[in-house]
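Down below is the structure, laid out as structure tokens.
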């Protein structure tokens, strides 16, 4: 497994690893809390823009103190952010952040939902955001979330009244919520959804305000006087041994790829909500006031309440199994409810409680983390009753092939039964993230199945129904099939069981740069998803590119084994670019997917299928100096990109930096946010500046703050200035500067084809020793001249740049490669 470089979160890492990989086993305290939650029939939905935008303090308070069913609707999956724990960006980062949100919800007690919106990067105004997102589609998804989750109250994280004052995604999330609040009850709006759900009228909408949204506390107090409902979210939970804000800090700390690892806090802490629309509050201190949150809110719910309130009032923490007769009585009553919405919710909650009270352990595991469509898989099943109640395992059913096996076995107290069944993975669908299966647009993912929209992940297709009778009452408990194994240095490990293609292929690089017309070797890795796989693999290229040989045979005898084959690709003589695709064939079937596995300790292992392809670029590029030292920052792939154009790149261990061992490099590059995440640079910065002073060339990519005492050789002030429009005009300030003319000629045309943004965290002021090279700005803003600054220092050159090379080089942007080569070549013109 990959290791993160955070050293302050070991407790949280252990905590999250336990639940991320293993089934939850409830204590008596947890069972009692779930019974309390079972007896509260109120629902709250929190809405914001990104993972880590949610207020975990308020979500935890509603879920654990109020006992409300609480959800978080994140409009995006955070695909446009940066990654502090690894190299994954864009859609792969979105997969990580999705799982981090699920980890956070597991701790704070909430549920997680999404829309199809893609986090395309920073946006300065909601008008731009809603245009790129395709407002109608995302608004439809917010309405769908309200209609299916059916919240009594909705709480917005951001202010809909202040467009342009913060991230456009933030304001847009509140604007969408405000509009969807009314549309959800209108049958004429998004009427296709009503095939699967019903209209819903939320009772109230709030804004989770604070002094953060105002210039100071005084302005906040004056603007909101008499308008607010407040909560002390520092309430203590004796059953958990934690304060609510401690719980919230632990949940928030799951956002590790965004650097959210933090200390826990305790004690009194106020949160405020401002009423926006709906039914006015009858009790100013209770957002559910006037809403019936008892079992009496649903027809025939009263008799269920009589049973379950008695269980709650007289709960036996020493012997929870004594309540099973009453719980089974309530289960039978819930199954008769006409209200399908509450029946489904409460049946699911009660099954979990029944299973825990009985000390039932039910598991279905296999000896591999994945299988292939229509393959036979042997499943090991375990059933154990750790109570004295009468339980019979009548049968088990595989949900994927409908295979039923009659058992009719009494589960004798504390006597484990184990058996094996063979099932068929009867499906042609894969279990990879559903929102990545088809190519979407810049603003929204393509998802045609309405029932998938909003779900945090693809539902597991391979499940086992354990059909039981408990106290003579039939009940079915369903378990996902999992992969359970152990490693000597890690102990017991659980992984999700996936359904994946029988053949996947992989190119080492997602961008292949040809700096001249000489042919290059292109290696393709073929991976077998089963034993004895044979076939052919070939490359598909644009016109005028030549591949030799046309195809290559492969034969792989063992599952999970890989074979690497080698092609020779010859580019055209002139500058060109296109897409190279890998195509494998076997048994009349075609396979064009790459398997990407993401495996961090704090989230379950993820398997993603993307098109097996690379961008190929024939680039006319010159460079001077070839031996580059690179100090890694917060997860970028630039070292490999530079190797693509012929540089020898050595990734420097910061601990080994001294006044002598840097002199061998033609240039030194610092990765994005290096000063923010590499603590050793506080002590090594003097050697880096000495290297420049003695004639070296140093390129520093963007940082969010200085991180060291002496950040640069001359005064340079970082800011939040950025240019988010990747099409923004780029004006050249000094056309004669060496960095624009040697060894490659750079013009404004070299900024064509940039992705997501021009750059970020530009300095906004600097001393006269620096020369600004480019001027650019987003629409309606003043010029930003700090995107690339260069200064002569001693005999060498210091360059600071906020241009987003960490996005452009992996995307194969020709002009970005040429400009980066010029930065590395500065001062070397004879």
* Structure fact -> Cα-based Rg/(2.2 N^0.38 Å) for segment 503-618, rounded to two decimals, is 1.14
* To do: Would you mind calculating the gained length between residue 336 and residue 215 on full extension (0.36 nm times residue separation, minus the Cα-Cα distance), in nm to one decimal?
  => 38.1 nm
* **Cα gyration tensor, segment 624-687 - rounded (a/c under 1.5), prolate or oblate** => oblate
* Describe numerically, in nm with one decimal, the distance between label points set 7 Å from Cα along Cα→Cβ at residue 656 and at residue 829. => 3.5 nm
* To do: Would you give the gap between the C-alpha center of segment 375-412 and the C-alpha center of segment 181-209, rounded to a whole Å?
  => 41 Å
* To do: As a check on your grasp of the helix formula, calculate [θ] at 222 nm for the chain: sum -39500 (n - 2.57) over DSSP H runs of n ≥ 4, divide by the residue count, round to the nearest 500.
  => -6500 deg cm²/dmol
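Calculate the translational D of segment 461-570 in whole µm² s⁻¹ from Stokes-Einstein, where the hydrodynamic radius comes from the Kirkwood formula applied to all Cα pairs, the temperature is 25 °C and the viscosity 0.890 mPa s.
134 µm²/s
What is the order of 47, 132, 579, fewest Cβ neighbours within 10 Å to most?
Going from least to most buried by this count: 579, 132, 47.
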* Roughly how many Å is it from the Cα centre of segment 147-177 to that of segment 48-91, as a whole number? -> 14 Å
* Give the span of segment 294-352's Cα atoms along each principal axis, as three whole-Å numbers ordered largest to smallest. => 35, 19, 14
* Can you tell me the relative contact order of segment 451-597? Whole percent, Cα pairs under 8 Å, sequence separation 6 or more. => 21 percent
* Across 20 Å bins from 0, what is the distribution of all Cα-Cα pair distances for the chain, in whole percents? -> 13, 43, 33, 10, 0
* Structure fact -> Rounded to the nearest 10 degrees, the helix 10-21 long axis (Cα) sits at an angle to the longest Cα principal axis of the chain of 60 degrees
* To do: Kindly express, to the nearest 10 degrees and within the range 0 to 90, the angle between helix 814-825's C-alpha long axis and the longest C-alpha principal axis of the chain.
  => 60 degrees
* Asked: Evaluated at 37 °C with a viscosity of 0.692 mPa s, what Stokes-Einstein diffusion coefficient in µm²/s does segment 698-830 have when Rh comes from the Kirkwood expression over alpha-carbon pairs?
  -> 220 µm²/s
* Could you state the angle between the C-alpha long axis of helix 681-693 and the longest principal axis of the C-alpha atoms of the chain, as a value from 0 to 90 degrees rounded to the nearest 10? => 20 degrees
* **Gap separating the Cα centres of segment 308-355 and segment 585-606, nearest whole Å** => 40 Å
* Take 341, 323 and order them by how many other Cβ atoms sit within 10 Å, fewest up front. => 341, 323
* To do: Please report 333, 350 as a ranked list, fewest other C-beta atoms within 10 angstrom at the top and most at the bottom.
  => 333, 350
* To do: Averaging sequence separations of C-alpha pairs under 8 Å and six or more residues apart, then dividing by the length of the chain, give the relative contact order as a whole percent.
  => 10 percent
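Every number in this text was worked out from the coordinates using simple rules, so none of it is lab data. These numbers were taken from a predicted model, which means no experiment stands behind them. Using ideal geometry, Cβ is built from the backbone for each residue, glycine included, and neighbour counts are taken over all protein chains shown.
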